[in-house]
Amino acid sequence: MHYSQFLHLIDIFGTAAFAIAGAFSAMERRLDPFGVLIIAFVTAIGGGTLRDILVGNLPVSWLNNSTAIIVIMSSALATMFFGTYLKHLQTALFLFDALGIGLFTIIGLEIAVQKEFSAIVCVALGTMSACFGGVLRDVLLNKVPLIFRREIYALACIAGGTAYYFLRRSALDEDVSKILCIGLIFLIRWLAVRYKLVLPRFYKQPELNG
């Protein structure tokens, strides 16, 4: 399989994983079917939409991507009708989610590079592309965003995005650089979940009264 085809598959499965995660979150809040669809869309394309608006990349990318719209709608509907079965696929969904954030980080970073932003801004926009759909989802569902509470999520995107920013300036093939950095982001996410790694907290835990 050619590298570009592999990246396209990651795009599709990553988008589906994001949409399914959003749909599950909406169903936990007992939203109606329309609400579930909206939250699925926000989770899957919210980060990219916000990025495109900030950099003036209009119309936003998903408006011209019928495949993404179909994938999101299909994933949301499948979650509503077959959610019980999809819950048994948590490992696969995590795999696609982790690969997806890797690819979406790189897509966002490339758009920022084309706009000739600084390295810090490029990495920030790449991270936003991958993470802020989940942030918007949690805000709409009146929850503190997950990436602000416990999981090493954005940090993985920052590490992979930084690596890609410098690798793309090397002689290494561009597609190979993308896959290496997606692999780095996936590895960090897997290690964080596998070993329950979290960022340090700079406040005291409340004392338990015995």
Q: Output the number of residues of segment 144-174 satisfying the condition of being among the charged types (D, E, K, R), without any contact (Cβ under 8 Å) to a residue 24 or more places away in the chain and within 26 Å of I20 (Cα to Cα).
A: 1
Q: Go through segment 149-198 and give me each residue that's surrounded by fewer than 19 Cβ atoms within 10 Å (Cβ to Cβ), outside any helix (DSSP H, G or I) and of a type in the set (F, W, Y).
A: Y195
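Just need a number here: residues in segment 18-36 that are in a helix (DSSP H, G or I) and either in contact (Cβ under 8 Å) with a residue 40 or more places away in the chain or of a type in the set (D, E, K, R) (or both). Quick ask: steps written out before the conclusion?
Keep residues of segment 18-36 that are in a helix (DSSP H, G or I), which gives 18-28, 33-36.
Narrowing the set further to residues that are either in contact (Cβ under 8 Å) with a residue 40 or more places away in the chain or of a type in the set (D, E, K, R) (or both) leaves 18-28, 33, 36.
Within segment 18-36, residues that are in a helix (DSSP H, G or I) and either in contact (Cβ under 8 Å) with a residue 40 or more places away in the chain or of a type in the set (D, E, K, R) (or both) number 13.
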Q: Taking only segment 55-90 into account, find how many residues are within 24 Å of G126 (Cβ to Cβ) and either open to solvent by less than 100 Å² (accessible area, probe 1.4 Å) or modelled with pLDDT of 95 or more (or both).
A: 15
(Q) Can you list residue pairs whose Cβ atoms sit under 6 Å apart, with the first residue in segment 79-96 being free of Cβ contacts under 8 Å to residues at least 40 places away in the same chain and closer than 14 Å to A19 by Cα and the second being surrounded by fewer than 12 Cβ atoms within 10 Å (Cβ to Cβ) and not small (G, A, S)? Count only pairs 6 or more apart in sequence or on different chains. (A) none
Q | Failed item, numbered, when L7 is tested on (1) open to solvent by 60 Å² or more (accessible area, probe 1.4 Å); (2) assigned to a helix (DSSP H, G or I); (3) modelled with pLDDT under 90; (4) under 28 Å from D173 (Cβ atoms) | A | (1)
Q. Residues in segment 6-26: is at least one among the charged types (D, E, K, R) and over 15 Å from the mean Cα position of the chain (by Cα)?
A. no
Q) Is there any pair with a first residue in segment 110-122 that is more than 18 Å from C181 (Cβ to Cβ) and a second that is open to solvent by less than 80 Å² (accessible area, probe 1.4 Å) whose Cβ atoms are under 7 Å apart and which are 6 or more apart or on different chains, and what are they? A) K115/V55
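Scan segment 133-147 residue by residue and report those that are in a helix (DSSP H, G or I) and touching a Ser or Thr at 6+ places or on another chain (Cβ under 9 Å).
Kept after step one, since they are in a helix (DSSP H, G or I), are these residues of segment 133-147: 133-140, 146-147.
Selection gives G133, G134, L136, R137, D138.
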Q) Do we have E116 as open to solvent by 10 Å² or more (accessible area, probe 1.4 Å) and not in a helix (DSSP H, G or I) here? A) yes
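The values are calculated or read from the model by the stated rules, or taken from the named source; none is laboratory data. Bear in mind the structure is a predicted one, so any value in this text is a computation, not a measurement. When we count neighbours, we look across all protein chains shown, and the Cβ atoms used for this are built from the backbone with ideal geometry, even at glycine. SASA here: full protein model, heavy atoms, side chains in, ligands and nucleic acids out. Shrake-Rupley method; radii C 1.70, N 1.55, O 1.52, S 1.80 Å.
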